[in-house]
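A short worksheet on the structure shown next.
Just so it is clear, none of the values below were taken in a lab; they were calculated from the coordinates. None of the values given here were measured: they were computed from a predicted structure. Every residue, glycine as well, gets a Cβ built from its backbone with ideal geometry; the counts of neighbours run over all protein chains shown.
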Amino acid sequence: MAGTRRTRLALVFLSSIAAFTLMMLSVDPQTQYTVDELMSSPNDFQDSEVFVRGVVANGSVYSDPLTFQLDGSGSSVVVDYSKSPVPDGFAEGRTIAVRGILSYYNGSWVLESSEIQTGCPSKYES
């Protein structure tokens, strides 16, 4: 009886290790940059997918074309959100994260978003 119990425990342990290993291999971590980090050397990120955090500039959200300006401390980038859904918490003056492709278009840098993430406002209110 002791041999079968050890065998079952060993199988459970090995299965857990295998599941954990597969989970870790499937995770694709991506660095989140600030707007200032991105715009300090935009050529390094051109035509690449980036994950950027910044503040939606007041008065910059347009519906034709679907764009807004994402601000950092000293830099900004135009975001084209025509191909991504806008979450409920999206608003001017809010800090958000945008995932997309950075392109140089008509003399300026444009981030073509594929995903926009907002934080939960009630989480930060006191």
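For the chain, a Kirkwood radius taken over Cα pairs fed into Stokes-Einstein (10 °C, viscosity 1.306 mPa s) yields D = 93 µm²/s. Under 12 Å from the 7 Å Cα→Cβ point of Ser103, by amide nitrogen: which residues of the stretch 46-77? Within reach of a label on Ser103: 47-48. Quick one: if the Förster radius is 30 Å, what FRET efficiency do Glu49 and Leu22 give, using the C-beta to C-beta distance and rounding to 0.05? Rounded to the nearest 0.05, the efficiency is 0.80. Simple point charges give the picture: +1 on the Cβ of Lys and Arg, -1 on the Cβ of Asp and Glu, and for the chain a dipole about the Cα centre of about 1080 debye. The modelled label-to-label distance for the pair Ser60/Gln117, using points 7 Å beyond Cα in the direction of Cβ, is 2.0 nm.
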